[in-house]
Amino acid sequence: MLLRLVRVSLRNLLRRPLRTLLVVQGVLWGTALGVSLPAVLEGSRTAAEQNAARYGTDRILVTQEPVPEERRFRWEQVRQLRRALGNQVTAITGYLARMPRIAVDGKSVRVPLLLVDEHFFAARRPELVRGRLLEPDDFRLKRPVVVVSTDTPLPPAWLQPGARFELPTGESVTVVGVVRSAPTEVDEFGYARSHFLRELAEQMEETLGALRAPGLELIFSPQTIVAPRTLSPRARPRWIEIRCPPQNVQSVKQKVFLWFSELGQQPIVYANVLATVLYSEAMTRIVELNRVVFGLAVVVGAIVVSSLMLLNVWERRREIAIRRVEGARSWHIAVQFMVETATVCLLGALAGVPVGLALAALRCYLSPAAGVTWTVPYSEIAITLAVVVFTGLLAGLIPALQAVRVDPVEVLRFE
C-alpha cells in the first residue's frame, strides 16, 4: 500500500513539475548545506591524519626574529621542550641552516648545510638510498660525518658513502649516507605550492601580518647536506621542528608559544592552517551552527511543502469525495496526503545530496590549503534523509486533517 501511495504521489507531483521544483528548493538547499560541510570536514580530517607527512599537517616550525646572541635558542632548550611536551609530540629537533660555498672541481657551489641534533631524521624521515643516517655516537664522539641528498649539486663521486670533501671552515668530512628527500608540496603554512590561488593566500597573510622568516627556502630545500651540530660547537639552533598528531597541533602550538614567552623570548610559530582549523573550537561551533541552519532550512522547506499540499487538497476535493464514496476511510485519505508530503520532502533531499557534494568539491578546488578534500559522508546523508522524511510527515498533518474534513456530499452536489 505504501509503495502505491508513493507512486500516486509522484504522479501527482509530475503533473506540475515547475511548481514542484520551486517548492522543494527549501529542502534541497537545506540538505545541500547539511551535506557539504560534513563532506569537506570528514574528507579533510582523514587526509590530514593519513597523509600528515605529505601535507605537513603534523608539523610545527618555531624560529625567532634576529636577536642578540645571548637571546637565541639553545640546544638545551630543545631538550627541555622535548621533556615538557612529552607524549603530545612524536619528534622534536633543532637545527641551523647555512648556505656555504663548497669548492667543486675548481668552482664554488652554494649548497644548503643543516647543522642538526640527533633527532633530526626522526622528524624529517627521508628515504635512505645508501649508507646510514647520523647516529648518537656521531654526536657523542664529534665525528666529522655528513649525510647528503641525491639532489645536492655535488659530483656523483661525492654522493657515495666514504666520499670525502671539505667544508668552507676547512673541516674535512666523510659521507656516511645518501638520502632522497621528497619535494615539499606545501609551504610552512600548509598551502599547496602549485595551487593557482596560492599567491592570493600569501597576500592575505601579509595583510593580516603573517611573517615569513628568512631561510625558509633553505630548510625546505631537497638539496641539502646534513651534518652533526658538533661540527660547529658554538652554533645555536635557529629552527625547532616539532612533529605531532594533527589533532594536537593547535594545543602544542599554544604551549610552545607560552613556554618560550615565559623565558623572555618571542618565538615565531608556524603551523599548518588546515590542522589548525580542522580541530579548533571555532570549527566545532561552525559545525553546530551549520546543523542549526540546516534544521531551520528543512523546517522552512517543509512549511512551504505543507502549503503546497493544502493547495492540493483544495484542487483535489472531487478526487477525495469520490474515494470516500467508494469506501475509503478517513485515515486512508490522511495517510495518502502525509505520504505525499513526505515524498515531496524526500525528493528535495535526494536532489540536495548531489548538490551538496558538488558544493563540497568546488570548495576543495578553490582552497589553496593542501589536503583540503571531500568524501561522501554516508552517515550524515542517512541522518539527513531521515530527518527530512520525519519532518515531511509532520508537515503533512495539516493537509491530511484538511483532507479528512472534506464532505463528499457537499463536493459532489456542486461538482
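Looking at ILE242, is it surrounded by 13 or more Cβ atoms within 10 Å (Cβ to Cβ), outside the structural domain of ALA213 (by TED's automatic domain parsing) and under 27 Å from LEU41 (Cα atoms)? Before the answer, list the steps.
Numbers: surrounded by 13 or more Cβ atoms within 10 Å (Cβ to Cβ): yes; outside the structural domain of ALA213 (by TED's automatic domain parsing): no; under 27 Å from LEU41 (Cα atoms): yes.
Spelling it out, it is not the case that ILE242 is surrounded by 13 or more Cβ atoms within 10 Å (Cβ to Cβ), outside the structural domain of ALA213 (by TED's automatic domain parsing) and under 27 Å from LEU41 (Cα atoms).
Among the strands (runs of 3 or more DSSP E) confined wholly to the stretch 109-188, which include 2 or more residues that are of a type in the set (Ser, Thr, Tyr) and either surrounded by fewer than 17 Cβ atoms within 10 Å (Cβ to Cβ) or out of contact with any His (no Cβ under 9 Å at 6 or more places or on another chain) (or both)?
Numbers: elements: 113-116, 127-131, 145-149, 164-166, 172-180.
Ranges flagged: 172-180.
Please verify whether the stretch 362-377 includes one or more residues that are modelled with pLDDT of 90 or more, within 20 Å of the chain's Cα centre (by Cα), loosely packed, with under 14 Cβ neighbours inside 10 Å and within 16 Å of THR31 (Cβ to Cβ).
No; the residues of the stretch 362-377 include none that is modelled with pLDDT of 90 or more, within 20 Å of the chain's Cα centre (by Cα), loosely packed, with under 14 Cβ neighbours inside 10 Å and within 16 Å of THR31 (Cβ to Cβ).
Looking at LEU81, LEU61 in this structure, which one is modelled with pLDDT of 90 or more, over 30 Å from PRO368 (Cβ atoms), within 28 Å of the chain's Cα centre (by Cα) and of a type in the set (A, V, I, L, M)? Give the steps one after another, and end with the answer.
Details: LEU61 fails: over 30 Å from PRO368 (Cβ atoms).
None of the other options fit; the residue is LEU81.
Which condition does ASN312 not pass, out of (1) more than 30 Å from LEU216 (Cβ to Cβ); (2) at pLDDT 85 or above; (3) buried (at least 20 other Cβ atoms within 10 Å of the Cβ), if it passes all the others?
(2)
Any chance you could count how many residues in the stretch 55-99 are in a helix (DSSP H, G or I) and under 23 Å from LEU134 (Cα atoms)? Give the steps one after another, and end with the answer.
Within the stretch 55-99, the first condition is being in a helix (DSSP H, G or I), and the residues that meet it are 55, 69-71, 75-88.
Okay, now just the ones that are also under 23 Å from LEU134 (Cα atoms), so 75-83.
Here the count works out to 9.
Can you name the condition, by its number, that PHE337 falls short on among (1) surrounded by 18 or more Cβ atoms within 10 Å (Cβ to Cβ); (2) within 21 Å of LEU28 (Cβ to Cβ); (3) more than 16 Å from the chain's Cα centre (by Cα)?
Failed condition: (2).
Name the residue, out of ARG45, ARG59, ARG71, ARG101, that is of a type in the set (Lys, Arg), more than 24 Å from TRP158 (Cβ to Cβ) and surrounded by fewer than 20 Cβ atoms within 10 Å (Cβ to Cβ).
On the way: ARG45 fails: surrounded by fewer than 20 Cβ atoms within 10 Å (Cβ to Cβ); ARG59 fails: surrounded by fewer than 20 Cβ atoms within 10 Å (Cβ to Cβ); ARG101 fails: more than 24 Å from TRP158 (Cβ to Cβ).
The match here is ARG71.
Could you grab the pairs with beta carbons closer than 6 Å, sequence gap of 6+ or different chains, first residue in the stretch 360-382 and touching a residue at least 60 places away in the same chain (Cβ under 8 Å) and closer than 18 Å to LEU278 by Cα, second one of a type in the set (Asp, Glu) and in a helix (DSSP H, G or I)?
These pairs meet every condition: THR375/GLU42; PRO377/GLU42.
The values are calculated or read from the model by the stated rules, or taken from the named source; none is laboratory data. Everything numeric in this text was worked out from a predicted model, so none of it was measured. Here the Cβ is made from the backbone with ideal geometry for all residues, glycine too, and neighbour counts use every protein chain on show.
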